[in-house]
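Enquirer: The following block contains the structure, expressed as structure tokens.
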Amino acid sequence: MMRSILIAVIAGSLLACAEPEPESVAPLYDTAPVESRPIEVTVDAAGVIEPEIMVEVKSKASGEILAIHAETGDIVEAGFLLVEVDQRTPRNRLAEAEAALVAARARRGIARTQMERAQTLFGTGTLTQADFEQSQLEFANAEADVIGKEVALENARIAMDDTEVRAPITGTIIERRVEQGTVISSPTQDVSGGTVLLRMADLTAVQVRTLVDETDIGKIRPGMQTRVTVAAYPNQPFEGTVLKIEPQAILEQNVTRFAVLIRLQNRGDLLKPGMNAEVEIQIASRNSVAAIPTMALRIADDIPATAAMLGVPLDDLRAELAGLDGVAQAAGADVSTPPDGNADIRALIAKRRGGTSNAASGYEFGGNYWVILMKDGKPQPTPVTTGLTDLEYSEVIAGLNPGDQVLLLPSTSLFEQQAFLQQRIQERYGSTSPFQPSTGGGRGFR
């Protein structure tokens, strides 16, 4: 019931607006001039501030924490003593290793004396060859034992040093996981990786990890300038650069995106890890270029709908476009390069597009289109070549002059939806719509 009422209301509105068909439907649409304006292309995304370098501090020694010499927020130099662990067990092992080394050296001295005595006896024929060789083997074993005990002593000293946990980098303590009296495990002895004592990071430079839609990722390359804004300092944007684009796509809710890392200097240590950030990646920009609204641009697939909008026969429009260089006559036609006769235009395009292309990623702006130019009050199809575009406006490289007026026609999809609605109304009520295009063949472009 509600649907019938809605259709009836629409039908009544359309009938009320019906007027005699004008000589040309072109005035029903707005026009826009070719005007000079700046065009800036940016990609906007959201991300989170992250430390560029972050380290989890662990102790290679196990035992009870006796003292912690740093608090969250402290800035410490590399080598600063952060945590002291109970040294009793490592100290005992160090003493055992020292005693074992003394004993091993004594055994080596005895073995050397015995070997020298055996050599003398063997020379006089008193000792057999086997006994002499046995004395040599015992000396070699004693020498090897000394080396092993020296290694054990060195390891014991290292374990003793490990009870003092020092800062691995110069940075800020951003998290403290333990307190004095906590018993910790060593990552070298615990399969779980050991106990994390502190987390510290170098915050002189930070990065923003942001996700960019795949439709925009082709425009971005490392080294591009960015502007980062955080909620804590809305009027203080931070300048940064694109550090890298991660190659693996991330699929979230059927949307494919790529992680882009933005590096920026943390002036005044204002940026903190975890802050939400708005990122604006500056792709390209031009000042004072001839531009028209992007909605004025038409492609080959728009020819039938455009003919219906203007109320001209389709064949007339096709014939008019057939004589224009640079306009594709069918979907899929190659319009990447202007015809050979337009050498000057090709040179201009190559020069102007040099500043709008992304050589690193292969992305290039612009292309060949056609527009409806209003000339002497009459619509005239005209080919244009465009350059940089911010989606709202497109730079005009060739085909139009400053001050020219172009028609702003609806998109083909919108026109088709209107035509479908009109057809449904006619089928139901037999009424006509002022959007009905003329079917007469007497109207043309000249």
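Enquirer: ALA419 to ALA205: extension gain in nm, 0.36 nm per residue of separation minus the Cα-Cα distance?
Expert: Details: separation 214, 0.36 × 214 = 77.04 nm, distance 5.76 nm.
Extra length from ALA419 to ALA205 when fully extended: 71.3 nm.
Enquirer: A further question on this structure: With r as the distance between the Cβ atoms of GLU96 and ALA46 and R0 = 60 Å, compute the FRET efficiency 1/(1 + (r/R0)^6) and round to 0.05. Each step should come with its number before you reach the end.
Expert: Details: r = 59 Å, r/R0 = 0.98.
According to the calculation, E is roughly 0.55.
Enquirer: log10 I(q)/I(0), Debye, Cα-only segment 65-163, no solvent, q = 0.22, 0.25 Å⁻¹?
Expert: Relative scattering, expressed as log10 I(q)/I(0), comes to -1.01, -1.13.
Enquirer: Starting from the exponent 0.38 and prefactor 2.2 Å, build the expected Rg for segment 242-322 from its residue count and divide its actual Cα Rg by it. Provide the component values of the computation, followed by the final result.
Expert: Details: Rg = 23.5 Å, N = 81, 2.2 N^0.38 = 11.7 Å.
Normalised Rg, Cα atoms only: 2.01.
Enquirer: Turning to a different aspect of this structure: Out of every Cα-Cα pair in segment 143-221, what percent are more than 16 Å apart? Before the final figure, lay out each step's value.
Expert: On the way: 2260 of 3081 pairs.
Tail of P(r) above 16 Å: 73 percent of Cα pairs.
Enquirer: In whole Å, what are the extents of segment 188-286 along the principal axes defined by its C-alpha atoms, from largest to smallest?
Expert: Per principal axis, max minus min of the Cα coordinates gives 60, 37, 24 Å.
Enquirer: Assuming a viscosity of 1.567 mPa s and a temperature of 4 °C, what translational diffusion coefficient in µm² per second does Stokes-Einstein assign to segment 92-147, Rh being the Kirkwood radius over Cα pairs?
Expert: It diffuses with D of about 108 µm²/s by this estimate.
Throughout, read-outs are computed from the coordinates displayed, never taken from laboratory work. Treat the numbers as computed from the prediction; the structure is a model and nothing was measured. Note: ideal-geometry Cβ built from the backbone for every residue, glycine included; neighbour counts use all protein chains shown.
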